[in-house]
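Encoded as structure tokens, the structure appears first; notes follow it.
The values are calculated or read from the model by the stated rules, or taken from the named source; none is laboratory data. Since we're looking at a predicted model, the values are computed, not measured. Heads up, the Cβs are rebuilt from the backbone with ideal geometry, glycines too, and the neighbour counts pull from every protein chain shown.
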Amino acid sequence: MGANALALPDGTIIVTDAMVRLALDDDNELDDNGKAALLGVIGHEVGHIERRHATRAMTGSSLTAAMSATLFGDFSAVAAGLPAVLTQMRYSRAMELEADDDAVAVLRRNGLEPDVFADALEALERARPGEDKLPRWLKKSMSYLSTHPDTAERIARLRKTAR
Ligand SMILES: [Zn+2]
């Protein structure tokens, strides 16, 4: 499973190991920048929960759900649970920008600027899928950037907010 973070309709927030690894520094430690990046990522997910985005993001895509049921037919190991949810989930641009506003508010409450969150999004864009058993197209469809679209616009907006 690639780097991802998501909010389920019941209020559960999931941050994958790969996402946490992206926040670690060269010595595999979580430094202040890494903590701030994760705080931004989690603050964004809390925004999705508080604004009840998850339900809308999932129910709006019955076609995708039907497609993934077909596609996952040959992948029984990954058919259950999380990957299926991830491929069905895509937030709208408006939802992304709203959740970013919440992330910025959380960062500011902790004395941090939104730059660190923009840096984290850029790191996600640079990150390549690892070499494990899932086919690349499937990992790509489950990545943070596909469930949380419009990354370039989000980064630009966060950088502008920081000034
Ligand atoms: Zn999002």
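A few comments on the model shown:
- PRO83 meets the conditions (1) modelled with pLDDT of 80 or more; (2) more than 22 Å from ARG157 (Cβ to Cβ); (3) touching a helix residue (DSSP H, G or I) at 6+ places or on another chain (Cβ under 9 Å) in every case but one. The failed one is (1).
- Test: residue in region 40-58 that is within 16 Å of SER146 (Cβ to Cβ), over 16 Å from the mean Cα position of the chain (by Cα) and either loosely packed, with under 13 Cβ neighbours inside 10 Å or at pLDDT below 85 (or both): no
- Which numbered condition ASP74 misses (of (1) at pLDDT 90 or above; (2) more than 16 Å from the ligand (Cβ to nearest atom)): (1)
- Filter pass, ASP17 being within 14 Å of the ligand (Cβ to nearest atom), modelled with pLDDT of 80 or more and either under 18 Å from the mean Cα position of the chain (by Cα) or surrounded by 17 or more Cβ atoms within 10 Å (Cβ to Cβ) (or both): no
- Some residue of region 96-111 being closer than 16 Å to ALA156 by Cα and at pLDDT below 90: no
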